[in-house]
Amino acid sequence: MSEHALLKKALLNATRSMTQAKNDGYRPGWHLSPLVGLLNDPNGFIQFAGQYHLFYQWNPLACAHGAKWWGHWRSDDLVNWQNEPVALLPGDVYDSHGCYSGSAVDDNGTLSLLYTGNVKFAQGRTAWQCLATVDDAGEVTKAGPVIGLPEGYTGHVRDPKVWRHGEHWYMVLGAQNLQQQGKVLLYRGDTLQQWTLLGEIAGSHLNGLGEFGYMWECPDLFALGEQDVLVFCPQGLPAQAQRWLNTHQSGYVIGQLDYSKAAYQHGDFHELDLGFEFYAPQTTLGDDGRRLLFGWVGMPDENEFYDPTREQGWMHIMSCPRELRLVEGRLYQQPVDELKSLRGAHQRLEGRADSLAITDVAQAELVISAEGSWQADFGGAMLLSCDESGLRLRRQNRRTGETETRYWSGQVRQLQILCDRSSLEIFVNDGEATLTSRYFPAEEHTLRWQGSGELRVDHWQLQSIMLV
Ligand code: FRU
């Protein structure tokens, strides 16, 4: 379809669905969400010339996956955002079936995007890694493919994450080899146009991992302290009793990248988030040295199309922006400090859980310290239980109606819960673990406290953000 025809279709969908989508009670007040249509991965997250840019996988034509566009937001503070011109539309021979995920870099003062051109044929698919540049007005010029499909891999090679190290550019790509094993490929570039494949640095059957999934999506490799962290999304890990319970996982390993040998030694895989929906996260390095992360609060190939917002013409949200730290060999995540600017009216609740007043959690932040066992019932749609063994999060599967549970084991010292209409982000012990999920309460957004545990709860109403 021509760009002109695509834009007409998108405008028609926006005109028809916008009012309904905007007024939906499940629409977040302070998280980023698409005007209409379906949002998935965060892309091109960067602080460039002082301002944050966040691009995103977007199908503005329908609540479905398909030939993705890149939407674009810009911000001074990671909290309030402004819409920028749509960055990438599919339709060229090298991205006919979608401008898939990728990243942004500052190439000597030029904001440059590296993304995957997804191309499907009657029999199969191929992928091109493509370059585009953004001007000051947010207008994007495509420069076309810079990497074709490497030999020995299926058409599933995608999601370039690019960074600068010394004199060179480096890129990691998610890939599937011909034996259906998920891998991460490392490339080196003299320029953003000229790339050399250095080899596989991680994957199924590498670095002692054994069989570890048929595809790895959205790799992101970055230095944090003295370590090199590889974040990625392996597909095909079999569910275990209390872990790897989502259809696909999103997690990390920690190690050392030897640039001279293109070799990466790493330790065990850890899930990045233990909730029901969290996928395809992407990080960037802020000017102040913080490693920042956004994730997609969604889960592909599962039950996403049973989300009630689909009927209202929009689907999915971004996570809140988070800061990453390494603590004793584990990645900690905390909401960025800037989000405190959203805090409004404050109240303190104290006492036995089942004696506490029903709490409004439509847009709220809770900081909880507790002793004993207690539960928090979020509008009858999500139950959080806390006892000496850790946390359990329960809800009904929206497709099957069955109860499903997610777990964190350990001693809970403190919980921070960010609530926004239809999402919960739970941060355990200052970021030691997170559980991110959507939930769709039938009535009001209220929290009922249960159990005999003694609680101290700080509660703030959270204001809505500006998204202009
Ligand atoms: C992850 C992903 C990426 C791909 C994009 C397409 O959610 O499947 O691998 O580039 O979404 O929208």
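Here, each number is a calculation from the coordinates, and none is a lab measurement. All of these numbers come straight from a predicted model, not from anything done at the bench. Every residue, glycine as well, gets a Cβ built from its backbone with ideal geometry; the counts of neighbours run over all protein chains shown.
The packing ranking, built from the mean of other Cβ atoms within 10 Å per residue, places the peptides 154-166, 363-375 in the order 154-166, 363-375, highest first.
For the chain, pairs of C-alpha atoms spaced more than 35 angstrom apart make up 28 percent of the total.
For region 311-327, the Karplus equation 6.51 cos²θ - 1.76 cosθ + 1.60, evaluated at θ = phi - 60°, returns couplings of 5, 8, x, 8, 8, 6, 9, 7, 5, 6, x, 10, 9, 9, 9, 9, 10 Hz by residue, with Gly and Pro reported as x. Per-peptide packing, taken as the mean over residues of other Cβ atoms within 10 Å, places 288-299, 418-429, 403-414 in the sequence 418-429, 288-299, 403-414 from highest down. Label point 7 Å out from H168 along Cα-to-Cβ: which residues of region 199-242 have amide N under 11 Å? Of the residues in region 199-242, 199 have backbone N under 11 Å from the label point off H168.
Phi angles across region 275-292 convert, under the Karplus curve 6.51 cos²θ - 1.76 cosθ + 1.60 with θ = phi - 60°, into 3J(HN,Hα) values of x, 7, 9, 6, 7, 6, x, 9, 10, 8, 9, x, 4, 8, x, 6, 8, 10 Hz, Gly and Pro given as x. Available extension along the chain between T110 and T196 is 28.8 nm, counting 0.36 nm per residue and deducting the alpha carbon span. Here's how it looks for G37: its modeled amide H is under 5 Å from those of W314, M315, which are all 5 or more places away or on a different chain. Peptides 118-124, 87-93, 274-280 ranked from most to least packed by the mean count of surrounding Cβ atoms within 10 Å: 274-280, 87-93, 118-124. Angle of helix 3-23 to the longest C-alpha principal axis of the chain, folded into 0 to 90 degrees and rounded to 10: 0°. Which net charge results for the neighbourhood of I417, defined as the other residues with beta-carbon distances under 10 angstrom from its beta-carbon, given Lys and Arg at +1 and Asp and Glu at -1? Residues close to I417 contribute a combined charge of -2.
For region 184-248 and region 1-58, compute the distance between their C-alpha centroids and round to whole Å. Rounded to whole Å, the Cα centres lie 28 Å apart.
Once a ≥ b ≥ c are taken as the square roots of the eigenvalues of the Cα gyration tensor of region 25-145, is the result rounded (a/c under 1.5), prolate (a/b larger than b/c) or oblate (a/b not larger than b/c)?
Oblate, because a/c is 1.5 or more while a/b does not exceed b/c.
Sequence-ordered 3J(HN,Hα) estimates for region 416-427 from the Karplus curve with 6.51, -1.76 and 1.60 and θ = phi - 60° stand at 10, 10, 9, 10, 8, 6, 9, 9, 10, 10, 10, 10 Hz, glycine and proline given as x.
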